[in-house]
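Worksheet for the structure shown next.
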Amino acid sequence: MFAKGQTVIQLVERLAPKHIAMEGDKIGLQLGSLRKEIRTVLVTLDVTEEVVEEAIRLQAELIVAHHAIIFRPLAHLQTDTPAGKLYEKLIKHDIAVYIAHTNLDVADGGINDMMAEALELKVTGHLEDVHTDKLKKMVVFVPESHQNEVRDAMFSAGAGWIGHYSHCSFNIPGTGTFLPREGAEPFIGTKGKLEQASEVRIETVVPESVEKQVIQAMLKAHPYEEVAYDIYTMDLNGRTFGLGRVGRLEAPVTLDAFAQKVKQALDVPFVRVVGEPDREIKKVAVLGGSGSRYVKQALFAGADVLVTGDIDYHTAQDAIAAGIAIVDPGHNAEKIMKKRVAEWLQARLDEQKVSTRAVASQVDTETFKLM
């Protein structure tokens, strides 16, 4: 059995929820349909002609990419342009394209965490907070016989976290009443007869980002035909998501040694370095993609060096004047997401007991070469 496209994307959005993307970002399904079985998912940084050819060879029905293929509304679709040819090939081979961009950047376990982990940083915070998850309270009434199953299902879907504590809930025993009418198929009781049942009121907290998943998991585990539950909005905040990561190295190193570490850890052909080679590096800020605008945030965080891509000449000059070093591994350093997202997605697909496979693209989409 293979997973449906919508199921695959629900799993992707567990890692990178859409609502934490930055405003105006081009994410989600950009081309094709998810209403089909998916045998192979190709995970890639960019969707290029070579990547599409790879998807065709692998007979992939879905591409999950980080960078969008459609940036603005299309006025026309001409198939004799580079972009038009790409869209045409994808459509002809029935390959859907789904984009997870800034939501994958800021997500816990997303690209910035992947880069920080590769650089062996002990993360202490974000470069910039962009979204704070609101907390809600969920209350559901469950027959005593099924309270453990329903509670466990909710916890597994992401409910019950308070700080560093998981599986948090409050449970009150009581008596539920109901009268099954014509057309009902009651789990407990008889049609036309008022029934009293020993039930448990389960209360737990639910982050807004996983609310739908928790409700779906609860309903699936609950034995009742009609489930009584409530969702309350609370004036409390949960996790904060942010761009970039700030962390410390286990031991200080020189900028030259650290730049070599960045090159090796992020598997890039070269890095550009701003700063004196023998400068001591202890605290590091890292941001995947284009980070020219975040030098001030890195300075404010107390970082000795900022690791990010697409640094321009004047930003480099400003960094030198401000006293912060920069290591630029290029925008393509975000390719770290290919293997790691594919592995994460494959593990979730295996949990679903489906035969769908997630594959990391082997195409190198680096555009710059040293001569």
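The values are calculated or read from the model by the stated rules, or taken from the named source; none is laboratory data. In this text the structure is predicted, and so the values were computed from the model without any measurement. Note: ideal-geometry Cβ built from the backbone for every residue, glycine included; neighbour counts use all protein chains shown.
Descriptive notes on the structure:
- Pairing each residue of region 303-317 that is assigned by TED's automatic domain parsing to the domain that holds Ala259 with any residue that is among the charged types (D, E, K, R), provided the two are 6+ apart or on different chains, yields C-beta distances under 6 Å for Ala303/Lys283; Asp304/Lys282; Asp304/Lys283; Gly309/Asp328; Ile311/Asp328.
- The residues listed here are Ser198, Ser145, Ser166, Ser156; of these, the one that is closer than 23 Å to Glu225 by Cα and within 21 Å of the chain's Cα centre (by Cα) is Ser156.
- Conditions (1) touching an Asp or Glu at 6+ places or on another chain (Cβ under 9 Å); (2) buried (at least 17 other Cβ atoms within 10 Å of the Cβ); (3) of a type outside the set (Val, Ile, Thr): number failed by Leu119: (1)
- Looking at region 167-251, the strands (runs of 3 or more DSSP E) lying wholly inside it that each contain 3 or more residues that are among the hydroxyl-bearing types (Ser, Thr, Tyr) sit at 229-243.
- Total residues in region 1-37, condition surrounded by 15 or more Cβ atoms within 10 Å (Cβ to Cβ), of a type in the set (Gly, Ala, Ser) and under 20 Å from Val47 (Cβ atoms): 5
- Filtered residues of region 55-68 (kept if hydrophobic (A, V, I, L, M, F, W, C), part of a loop (DSSP other than H, G, I, E, B) and surrounded by 20 or more Cβ atoms within 10 Å (Cβ to Cβ)): Ala60
- Residue, surrounded by the most Cβ atoms within 10 Å (Cβ to Cβ), within region 261-287, restricted to residues that are farther than 23 Å from Tyr313 by Cβ and over 29 Å from the mean Cα position of the chain (by Cα): Glu280
- Enumeration of residues in region 14-54 that are in contact (Cβ under 8 Å) with a residue 60 or more places away in the chain, part of a helix (DSSP H, G or I) and of a type in the set (D, E, K, R): Arg14, Lys18, Glu50, Glu54
- Residue within region 176-183 that is basic (Lys, Arg) and modelled with pLDDT of 95 or more present: no
- Qualifying residue in region 132-147 (condition: closer than 30 Å to Ile69 by Cβ and touching a strand residue (DSSP E or B) at 6+ places or on another chain (Cβ under 8 Å)): yes
- Scanning region 208-252 for residues that are small (Gly, Ala, Ser) and over 28 Å from Gln147 (Cα atoms) yields Gly242, Gly244, Gly247, Ala251.
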